[in-house]
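K.L.:
Let me begin by handing over the structure; questions about it come next.
The values are calculated or read from the model by the stated rules, or taken from the named source; none is laboratory data. Note that the structure is a prediction, hence the values are computed from the model and not measured. Ideal geometry is used to build each Cβ from the backbone, glycine not excepted, and the neighbour counts take in all protein chains shown.
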Amino acid sequence: MGRAGAARHSMAGPEEAPQHRVLDPLTLPKFVDALPIPPLLVSKGKRPNPTHRKQLLPYYRIELTELSVKLHRDIPPTRQWGYAGTVPGPTIATQSGQGFLIEWVNNLPKKHFLPVDHTIHGAERNEPEVRTVAHVHGAKAPPESDGYPEHWHTPGQSRIHYYPNEQDAATLWYHDHAMGITRLNLFAGLLGVLTIADPTEQALNLPGGRFDIPLVLYDRTLDRDGQLLYPVSDTPGAPFVSEFHGNAIICNGKLFPYLDVQPRKYRFRILNAANGSHFQLALSGGRPMMQVGSDQGLLAAPVQISTLMLFPAERAEVIIDFSGLEGQELELNSGELGILQLRVQKQTAAPDTSSLPTTLRTVPRTPETSSARERLLTLSEHDDPSGGAMKMLLNESHWSMPVTEKPVLDSTEIWSFVNLGGDAHPIHLHLVRFQVLDRRPFDVPAYNADKSLVYTGPAVAPDANEQGWKDTVRADSGMVTRIIVKFEGYAGRYVWHCHMLEHEDNEMMRPYDVVPR
Ligand code: C2O
Ligand code: CU
């Protein structure tokens with residue numbers, strides 16, 4: 001798990017939380033709860049398409065409510081906030097081109113149960129304390145349905161969003177995006193998976209149905225009563241902390257679950273839904289996994305991996321073949337932290353007829369020559385002179401400053417993230433998919449002195465499993481990370497931001513405009 005640079009921050013991690021209150025997960029027996037599989041969301045009939053009134057679209061209604069669920073057999077139920085009564089929320093499954101409507105109904109309490117910091121922009125005392133706005137991460141959605149952080153609604157209100165789903169097969173996810181409290185709303189449980197299938201992907205005959213399983217991962221810290229423990233700073237009236245890292249990894253809403261698997265191939269769709277931690281996922285015994293997909297869908301060909309690094313908001317689809325492992329028990333871990341036990345049964349219920357083809361999809365590389373312009377965008381850290389929390393900025397700009405990134409619809413640009421700070425940041429752009437070009441080390445002091453970009457080594461190509469379509473990219477410390485993006489879909493206002501939610505909530509997020517040609 002990632003704690004890179006954590007010591008350099010004025011932050012309070014779980015170790016600063018009152019020790020006597022923190023539950024040590026290692027005192028609990030492991031692997032006593034079955035892995036829950038989030039239910040599939042069922043549509044509530046059809047309604048007219050808002051843009052073509054004659055077309056009827058599946059209509060879903062998702063209520064946001066407070067609930068209490070047991071995270072582990074031996075701890076009391078944990079208060080959480082969920083979509084449609086579960087955490088993670090139900091899986092929404094659709095086909096590419098099959099649009100739908102979702103009504104997001106906020107029926108949450110009016111008071112937050114986690115520490116809102118009213119000194120954070122957008123969460124001031126004159127704003128309602130509980131605000132929500134749903135965003136489908138990775139969706140090519142019109143701006144009015146994208147979940148702009150300021151377009152929140154309060155308990156008792158609902159919003160209908162239209163998702164055309166005109167995009168390739170991929171594992172997307174939905175989560176809250178309300179200004180200044182996104183970190184708390186996700187920590188409370190407002191997140192879920194959305195899958196898009198398409199004919200190319202279905203023709204591959206990858207493991208499907210009950211052999212296609214989402215694994216939603218996030219870390220948490222609990223108190224001895226099993227309740228979520230979100231750390232607070234020691235500044236009175238300003239509880240914000242600039243990073244969160246927990247001591248337990250929750251998988252599909254359970255701590256240390258197990259899954260009975262048949263000795264055959266499975267497809268797992270893994271999502272890092274953590275606030276700030278990255279995971280280094282590995283199977284016990286170093287058993288290989290075959291990665292077939294990343295954020296925005298299939299890779300060109302499967303990539304064999306033994307560890308999988310996932311930063312917040314990144315997804316990976318992997319095929320794990322349990323054949324030949326009859327009767328064995330495997331574990332999925334992140335570093336020292338156990339996540340999930342896989343118990344391989346003695347036999348398959350039916351022969352495994354699924355396939356793992358050697359090629360998956362053509363992923364044409366976007367040529368650099370197609371780029372209309374390159375933007376140099378800094379990622380930087382700023383200490384608070386008055387001793388408050390550290391602040392991270394994009395391009396030295398705050399959220400409320402005028403929009404500076406205005407790509408033209410259907411144009412292609414290279415965005416170069418110049419990371420001046422000590423942390424890696426997962427950078428996400430709404431609306432679009434992109435490709436990672438490279439990462440190149442540079443002289444940070446030289447840049448800080450006079451903004452000259454002096455490279456100190458050769459450009460490093462992205463790893464094989466980063467060479468597909470992405471929507472979130474790890475921008476390493478001391479590196480220039482370049483992506484190439486075509487701004488397709490819609491003109492309008494979107495956002496780009498760091499997906500470490502504490503950073504995002506505290507100014508590491510900017511609006512951007514796709515402008516008509
Ligand atoms: Cu995962 Cu702006 O979102
Ligand atoms: Cu960040």
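K.L.:
Testing VAL515 on (1) farther than 19 Å from VAL418 by Cα; (2) among the β-branched types (Val, Ile, Thr); (3) within 16 Å of ligand 2 (Cβ to nearest atom), one condition comes back false. Which one is that?
P.N.:
Here VAL515 meets the rest and fails (3).
K.L.:
I would also like to ask the following. In this structure, is SER277 within 27 Å of MET500 (Cβ to Cβ), among the polar types (S, T, N, Q) and touching a residue at least 24 places away in the same chain (Cβ under 8 Å)?
P.N.:
It is true that SER277 is within 27 Å of MET500 (Cβ to Cβ), among the polar types (S, T, N, Q) and touching a residue at least 24 places away in the same chain (Cβ under 8 Å).
K.L.:
Tell me, please, whether a residue that is under 25 Å from GLY297 (Cβ atoms), touching a helix residue (DSSP H, G or I) at 6+ places or on another chain (Cβ under 6 Å), among the hydroxyl-bearing types (Ser, Thr, Tyr) and at pLDDT 95 or above can be found in segment 464-485.
P.N.:
Checking segment 464-485: not a single residue is under 25 Å from GLY297 (Cβ atoms), touching a helix residue (DSSP H, G or I) at 6+ places or on another chain (Cβ under 6 Å), among the hydroxyl-bearing types (Ser, Thr, Tyr) and at pLDDT 95 or above.
K.L.:
I've got another one for you. Name the residue that is farthest from the chain's Cα centre (by Cα), counting only residues in segment 286-329 that are within 16 Å of ligand 1 (Cβ to nearest atom), part of a loop (DSSP other than H, G, I, E, B) and of a type in the set (A, V, I, L, M, F, W, C).
P.N.:
Step by step, filter segment 286-329, then rank; the result is PHE311.
K.L.:
Here is a further query. Restricting the search to segment 475-501, which residues are more than 18 Å from VAL136 (Cβ to Cβ) and within 14 Å of ligand 1 (Cβ to nearest atom)?
P.N.:
CYS498, MET500
K.L.:
Please go through segment 497-517 and pick out each residue that is surrounded by fewer than 21 Cβ atoms within 10 Å (Cβ to Cβ) and among the hydrophobic types (A, V, I, L, M, F, W, C).
P.N.:
VAL515
K.L.:
Has segment 434-445 got any residue that is within 16 Å of ligand 1 (Cβ to nearest atom) and crowded, with 23+ Cβ neighbours inside 10 Å?
P.N.:
The answer is yes; a qualifying residue exists.
K.L.:
For ASP450, state whether it is within 15 Å of ligand 2 (Cβ to nearest atom), acidic (Asp, Glu) and farther than 23 Å from HIS121 by Cα.
P.N.:
It is false that ASP450 is within 15 Å of ligand 2 (Cβ to nearest atom), acidic (Asp, Glu) and farther than 23 Å from HIS121 by Cα.
K.L.:
Check ASN465, ASN448 and return the single one that is of a type outside the set (Lys, Arg) and either under 22 Å from PHE279 (Cα atoms) or without any contact (Cβ under 8 Å) to a residue 24 or more places away in the chain (or both).
P.N.:
Just a single option satisfies the conditions, and that option is ASN465.
K.L.:
Of the residues that sit in segment 330-377 and are among the small types (Gly, Ala, Ser) and assigned to a strand (DSSP E or B), which one is surrounded by the most Cβ atoms within 10 Å (Cβ to Cβ)?
P.N.:
SER334
K.L.:
Take the residues in segment 180-190 that are surrounded by 24 or more Cβ atoms within 10 Å (Cβ to Cβ) and under 18 Å from GLY138 (Cβ atoms), then tell me which one is nearest to ligand 1 (Cβ to nearest atom).
P.N.:
Among those residues, the one meeting the criterion is THR182.
K.L.:
Let me ask something else. Quick check on my filter: what residues within segment 378-432 are touching a residue at least 60 places away in the same chain (Cβ under 8 Å), closer than 15 Å to TYR447 by Cα and not in a strand (DSSP E or B)?
P.N.:
ASN395, GLY421, GLY422
K.L.:
Any chance you could count how many residues in segment 495-510 are among the hydrophobic types (A, V, I, L, M, F, W, C), near ligand 2 (Cβ under 7 Å from one of its atoms) and under 15 Å from the mean Cα position of the chain (by Cα)?
P.N.:
Here the count works out to 2.
K.L.:
Would you check if there is a residue in segment 41-61 being under 30 Å from ASP476 (Cβ atoms), at pLDDT below 95, in a loop (DSSP other than H, G, I, E, B) and touching a Lys or Arg at 6+ places or on another chain (Cβ under 9 Å)?
P.N.:
Within segment 41-61 (the criterion being under 30 Å from ASP476 (Cβ atoms), at pLDDT below 95, in a loop (DSSP other than H, G, I, E, B) and touching a Lys or Arg at 6+ places or on another chain (Cβ under 9 Å)), the answer is no, since none of the residues qualifies.
K.L.:
Another question, then. Counting just the residues of segment 151-179 that are within 13 Å of ligand 1 (Cβ to nearest atom) and in a loop (DSSP other than H, G, I, E, B), which one comes out surrounded by the fewest Cβ atoms within 10 Å (Cβ to Cβ)?
P.N.:
Among them, the one singled out is HIS151.
K.L.:
Within segment 219-251, can you find the residues that are outside any loop (DSSP other than H, G, I, E, B) and either touching a Ser or Thr at 6+ places or on another chain (Cβ under 8 Å) or surrounded by fewer than 17 Cβ atoms within 10 Å (Cβ to Cβ) (or both)?
P.N.:
Once the filter is applied, which keeps residues that are outside any loop (DSSP other than H, G, I, E, B) and either touching a Ser or Thr at 6+ places or on another chain (Cβ under 8 Å) or surrounded by fewer than 17 Cβ atoms within 10 Å (Cβ to Cβ) (or both), segment 219-251 yields ASP219, LEU222, ASP223, LEU228, ALA248, ILE249.
K.L.:
Among the residues in segment 239-255, are any on the phi > 0 side of the Ramachandran plot and modelled with pLDDT under 95?
P.N.:
Checked segment 239-255: no residue is on the phi > 0 side of the Ramachandran plot and modelled with pLDDT under 95.
K.L.:
A follow-up question, please. Of the conditions (1) farther than 28 Å from THR359 by Cβ; (2) among the hydrophobic types (A, V, I, L, M, F, W, C); (3) not in a loop (DSSP other than H, G, I, E, B), LEU453 clears all except one; give me its number.
P.N.:
It fails just one condition, (3).
K.L.:
Which of the residues spanning segment 273-285 are assigned to a loop (DSSP other than H, G, I, E, B) and more than 16 Å from ligand 1 (Cβ to nearest atom)?
P.N.:
none
K.L.:
Restricting the search to segment 211-226, which residues are farther than 23 Å from LEU308 by Cα and either under 15 Å from the mean Cα position of the chain (by Cα) or of a type in the set (D, E, K, R) (or both)?
P.N.:
Within segment 211-226, ASP223, ARG224, ASP225 qualify.
K.L.:
Taking the residues in segment 160-186 that are over 18 Å from the mean Cα position of the chain (by Cα) and of a type in the set (Phe, Trp, Tyr) as candidates, determine which candidate is nearest to ALA313 (Cα to Cα).
P.N.:
Ranking the qualifying residues of segment 160-186, first place goes to TYR163.
K.L.:
Residues to consider are LYS110, LYS140; find the one that is in a loop (DSSP other than H, G, I, E, B), surrounded by fewer than 18 Cβ atoms within 10 Å (Cβ to Cβ) and touching a residue at least 12 places away in the same chain (Cβ under 8 Å).
P.N.:
LYS110
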